[in-house]
Each structure stands twice: as structure tokens, then as C-alpha cells.
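What follows is calculated from the coordinates using simple rules that are stated; it is not laboratory data. Since this is a predicted model, take the numbers as computed values, not measurements. Virtual Cβ from ideal backbone geometry, glycine too; neighbours counted across all protein chains shown.
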């Protein structure tokens with residue numbers, strides 16, 4: 001009797017290996033798409049935080065908050081960044097001439113809407129006190 005040694009794979013083994021390999025490729029491609037979508041949302045969140053910080057910093061440097069105080073809430077589309085809009089809401093804090101400003105930037109990614117929000121406090125000096133303080137009246141920090 002002669003025994004033959006089979007070298008290679010059977011048809012069933014080859015089909016099973018192909019099926020497993022193709023399922024793995026489909027799963028990996030879906031993971032890549034999810035990661036790519038999450039990355040673009042992360043980039044937009046970073047952009048939203050930057051826009052919010054810039055606007056709140058500009059607002060804190062303004063001498064006159066009358067427009068914002070009169071309106072109480074301002075909603076504006078960002079002209080330089082389509083798809084982004086910011087909202088500023090102001091309310092008086094417990095101390096006189098101190099205001100709580102809540103800023104939020106909203107953007108849309110697909111059907112989901114995302115928002116970044118931050119609150120700062122801004123002081124508005126009274127009309128009879130000048131905005132620049134006499135530097136000689138302040139104690140020196142280095143002494």
C-alpha cells in the first residue's frame with residue numbers, strides 16, 4: 001500500500017481563511033472610519049475652544065460692556081469660521097461692577113450638534129473711577 005502525503009490546503013481551509021481575513025478587513029475599515037470621524041470632531045472642538053477663548057479675551061479687554069449688558073445675550077455666526085456660532089450671555093454677579101459672562105461656541109458635525117462653554121468674570125469700573133490705576137499707589141511686587 002502506498003500512502004500519499006497531501007501538501008497544501010484543502011478547498012474548505014482556503015475558503016475559511018479567506019472568510020476570516022475578509023471579516024477582519026471589514027472590521028478594521030470600520031474602525032478607521034470611526035477614528036477619522038472622532039478626529040475631525042476633536043479638531044472642531046479645539047477650534048471651538050480657541051474661538052471661545054479669543055472672544056472672551058477680547059471681551060475682557062473692552063472698556064465698555066454697555067452693548068452686551070443692554071442685550072443680555074448676543075448670538076453671532078463666526079464670519080471667519082463657517083458652521084461655528086458663539087453666544088455670549090451676561091449677568092450681574094453678587095459684587096458691584098462684576099459681571100459673569102458665559103460664552104459658548106456651537107458647531108455641527110453631521111447630524112450631531114456640539115458645544116464648548118466657558119464662564120469668566122469681568123469687572124466694569126464705575127464711571128467716576130478711571131480705568132488706569134495709579135501705578136505708584138500699588139505696592140511693588142519685587143520689593
What per residue convex hull volume, in Å³, do the alpha-carbon atoms of region 6-65 yield?
55 Å³
Quickly work out the residue 46-to-residue 20 label distance, labels modelled 7 Å from Cα along the C-beta direction, and quote it in nm with one decimal.
3.9 nm
Kirkwood-based Rg over Rh for region 11-129 (C-alpha set), two decimals?
1.35
